[in-house]
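Okay, so here's the structure we're looking at.
The values are calculated or read from the model by the stated rules, or taken from the named source; none is laboratory data. Every value quoted in this text rests on a predicted model; they were computed, and no experiment measured them. Cβ: placed from backbone, ideal geometry, glycine included. Neighbour counts: every protein chain shown. Calculation scope for accessible area: heavy atoms of the full protein, side chains included, ligands and nucleic acids excluded. Shrake-Rupley method; radii C 1.70, N 1.55, O 1.52, S 1.80 Å.
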Amino acid sequence: MLRNIFNILFVILFVSCQSHSVDTGIEIYQVKKPLPDFTKDEHPDCRFCLDLEVTDLFDKPLLTEKDIIEFNYNNQQIILTEKAKQKLEEMEISLVGLPMAMVLDGEIIYGFWFWNKYSSFGCDRVYTYPNINFKIKFGLPPTNAFGEDPRFDERLEDYLEN
């Protein structure tokens, strides 16, 4: 009898541990990286490149799938809930942007920048105006892009199709 109770408790514990490792889907994290310092010429080719590791991410995502109504992969546009839009409106985005990370099931897909709608700075990587239309673009202006465009990652496409 005691053995049966132990086995049942073990199964319950095992199943509950498994449920915590469930895929988290698409999440957007703020990144703990310094903003580019334009007084120094440390990275003249790519001022907004983000070489990210999981330790660079904030502890909790800024946005999760609960905040996303639609992610149009082909147009690279995210439609947010009203609650999520309000959260972004309250954020302070500097004129040189705010570093973020697109994460899928705990894996960093690419780094990108939330861009201030009043900024006159260019961006040589992926960016979006989260408070305007959350359309994710590459290079501001488009002739100012550095490297390959990471937005159309197959992992994202496969996830969104399924």
### Query
Near Lys83, which lysines are there with a Cα under 30 Å away, not counting those fewer than 8 places off in the same chain?
Lys32, Lys33, Lys60, Lys66, Lys117, Lys135, Lys137
## Note on the structure
Counting only DSSP loop positions in the range 75-115, the GluC sites (Glu not before Pro) whose Cβ has at most 14 other Cβ atoms within 10 Å are Glu90, Glu92
### Task
Report the extension gain between Glu92 and Phe146 in nm, rounded to one decimal, defined as 0.36 nm multiplied by the number of residues separating them, less their alpha carbon distance.
16.9 nm
## Note on the structure
Of the candidates Asn162, Gln86, Phe58, the farthest towards the positive dipole end of the range 55-162 (Lys/Arg Cβ +1, Asp/Glu Cβ -1, centred on the Cα centre) is Gln86
### Check: the range 51-104 dipole with +1 on Lys, Arg Cβ and -1 on Asp, Glu Cβ, in debye
200
### Task
Return the sequence-ordered ³J(HN,Hα) values of the range 99-115 in whole Hz as given by the Karplus equation 6.51 cos²θ - 1.76 cosθ + 1.60 applied to θ = phi - 60°, using x for Gly and Pro.
x, 9, 9, 8, 10, 10, 6, x, 10, 5, 8, 6, x, 8, 10, 6, 10
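Can you work out the accessible area per residue across the range 51-162, with the rest of the protein chains kept in place, probe 1.4 Å, in square angstrom? Don't skip to the end; give the middle numbers.
Working: 6350 Å² over 112 residues.
Counting only protein heavy atoms, the per-residue value for the range 51-162 is 57 Å².
Would you mind giving the three semi-axes, in whole Å and largest first, of the ellipsoid equivalent to the range 109-162 according to its Cα gyration tensor?
Each semi-axis is the square root of five times an eigenvalue, giving 22, 14, 7 Å.
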### Query
Given the protein chains as shown and a 1.4 Å probe, how many square angstrom of Arg125 are accessible, to the nearest 10?
40
### Query
Expressed in nm to one decimal, what extension gain is obtained for the pair Ile132 and Ile69 from 0.36 nm per residue of sequence separation less their Cα-Cα distance?
21.1 nm
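Rounded to a whole number, what % of the accessible area of the range 58-162 do carbon and sulfur atoms account for, probe 1.4 Å? It would help to have the intermediate numbers written out before the result.
On the way: 2740 of 5830 Å².
Answer for the range 58-162 is 47 percent, counting heavy atoms of protein chains only.
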### Set of aspartates and glutamates with alpha-carbon distance to Lys85 below 14 Å, sequence-local pairs under 8 removed
Glu65, Asp67, Glu70
### Accessible-area ranking of Tyr110, Tyr159, largest first, probe 1.4 Å
Tyr159, Tyr110
### Difference of contour (0.36 nm per residue) and Cα-Cα distance, Leu35 to Thr55
5.5 nm
## Note on the structure
Counting sequence-distant residues (5 or more places) and residues on other chains, those with an amide H built under 5 Å from that of Ile136 are Gln77, Ile78
### Query
With +1 on each Lys and Arg Cβ and -1 on each Asp and Glu Cβ, how big is the dipole of the range 38-162 about its Cα centre, in debye rounded to the nearest 20?
620
### Message
Can you work out the Karplus-derived ³J(HN,Hα) for every residue in the range 125-141? Use 6.51 cos²θ - 1.76 cosθ + 1.60 with θ = phi - 60°, whole Hz, and x for glycine or proline.
### Response
10, 7, 8, 8, 9, x, 9, 10, 9, 6, 8, 8, 10, 10, x, 10, x
